[in-house]
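Asks: This is the structure I have questions about; it appears just below.
The values are calculated or read from the model by the stated rules, or taken from the named source; none is laboratory data. It should be emphasised that the depicted structure is a prediction, and the values quoted were computed from it without experimental measurement. In this analysis, Cβ positions are derived from the backbone assuming ideal geometry, glycine residues included, and neighbour counts consider all displayed protein chains.
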């Protein structure tokens, strides 16, 4: 799980060691974290599912044992290449660094996480880390209770060099139209560090259920009506001028690979702390052998 043991090695390489920062408390409907660290792990063929949940569970157990407050959200892709996502939220880069330094004080935990990282790495074909910064102006109704969500729709937009103004104009048009649609919401981030190039934006749309996607298709008609014919033409012209590329992904929260804050667990224990099912027959009381019938 490179997200824990190598999280800061790129940005704070000179500090060395193993880094893990405590995520912002994301319980209840509140503003998104100002700094969001996203770690992606690409799985080898056949290594996703229960195999990966097992290695990730070791990190959760290690943190639980020391009652760490370094909470994070784990999720799996439902589209594209098999991969897992891990989200860490912070109030600032300074908060990130301070927690990174504090983890060094627990040598036993750092060593255990390092070992778990080696084991988890056997399942991976690749991994990367991206640091995002929150763009409040380009977000719409961003305050949600993430603990009650179950999916993220993630849209990535690569803006052409020199077209940030056009991109801003696009969001102004789109946001004004969607403000007339009560259920519409999203959170916009901009890539600060990572494998993507400059002028890359990442939009998160949290979902309680995939049934909301069906509803989104009906909202498209409302959006076009709010934009009007002239507005849609202007939008298409701006998109053609400003956007180099775009893509969408759908990911599902995975409680077995998450270390959620207590508030999330309390609000929905069946999801965030599901009971482990005993193997078939293990819960049954063993019967005593029957006496042989009299001859």
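Asks: All but one of (1) touching a helix residue (DSSP H, G or I) at 6+ places or on another chain (Cβ under 8 Å); (2) at pLDDT 95 or above hold for residue 171; state the number of the condition that does not hold.
Replies: (1)
Asks: Would you pick out the residues in segment 80-97 that are touching a residue at least 12 places away in the same chain (Cβ under 8 Å), surrounded by fewer than 21 Cβ atoms within 10 Å (Cβ to Cβ) and assigned to a helix (DSSP H, G or I)?
Replies: 93, 95, 97
Asks: Does residue 182 satisfy the condition of being farther than 25 Å from residue 223 by Cα and either at pLDDT below 95 or loosely packed, with under 15 Cβ neighbours inside 10 Å (or both)? Before the answer, list the steps.
Replies: On the way: farther than 25 Å from residue 223 by Cα: no; either at pLDDT below 95 or loosely packed, with under 15 Cβ neighbours inside 10 Å (or both): yes.
Criteria not met by residue 182.
Asks: Pairs please, first residue from segment 52-70 and on the phi > 0 side of the Ramachandran plot and free of Cβ contacts under 8 Å to residues at least 12 places away in the same chain, second anywhere and surrounded by 13 or more Cβ atoms within 10 Å (Cβ to Cβ) and assigned to a helix (DSSP H, G or I), Cβ atoms under 6 Å, 6+ apart in sequence or on different chains.
Replies: As it stands, the answer is none, since no pair meets every condition given.
Asks: Let me spell it out: the conditions are (1) closer than 28 Å to residue 89 by Cα; (2) out of contact with any strand residue (DSSP E or B) (no Cβ under 8 Å at 6 or more places or on another chain); (3) touching a residue at least 12 places away in the same chain (Cβ under 8 Å), and residue 215 meets all of them except one. Which number is the exception?
Replies: (1)
Asks: For residue 127, indicate whether it is farther than 30 Å from residue 273 by Cβ and at pLDDT 95 or above. Give the derivation first.
Replies: Numbers: farther than 30 Å from residue 273 by Cβ: no; at pLDDT 95 or above: yes.
Considered against the rule, which asks whether it is farther than 30 Å from residue 273 by Cβ and at pLDDT 95 or above, residue 127 comes out as no.
Condition check ((1) at pLDDT below 95; (2) under 29 Å from residue 264 (Cα atoms); (3) within 20 Å of the chain's Cα centre (by Cα)) across all residues:
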site	(1), (2), (3)
99	yes, yes, yes
102	yes, yes, no
109	yes, yes, no
114	yes, yes, no
132	no, yes, yes
153	no, yes, yes
157	no, no, yes
160	no, no, no
164	no, no, no
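Asks: Within the bounds of segment 42-62, is there any residue that is part of a strand (DSSP E or B), more than 29 Å from residue 140 (Cα to Cα) and modelled with pLDDT of 95 or more? If you could, list the steps in order and put the result at the bottom.
Replies: From segment 42-62, those part of a strand (DSSP E or B) are 42-43; that's our starting set.
Okay, now just the ones that are also more than 29 Å from residue 140 (Cα to Cα), so 42-43.
Cutting the leftovers down to modelled with pLDDT of 95 or more gives us 42-43.
Checking segment 42-62: at least one residue is part of a strand (DSSP E or B), more than 29 Å from residue 140 (Cα to Cα) and modelled with pLDDT of 95 or more.
Asks: Name the residue, out of 171, 156, 250, 203, that is surrounded by 15 or more Cβ atoms within 10 Å (Cβ to Cβ), free of Cβ contacts under 8 Å to residues at least 60 places away in the same chain and not in a helix (DSSP H, G or I).
Replies: The match here is 203.
Asks: Name, by its number, the condition in (1) modelled with pLDDT under 90; (2) over 15 Å from the mean Cα position of the chain (by Cα); (3) surrounded by 17 or more Cβ atoms within 10 Å (Cβ to Cβ) that does not hold for residue 7.
Replies: Every listed condition holds for residue 7 apart from (2).
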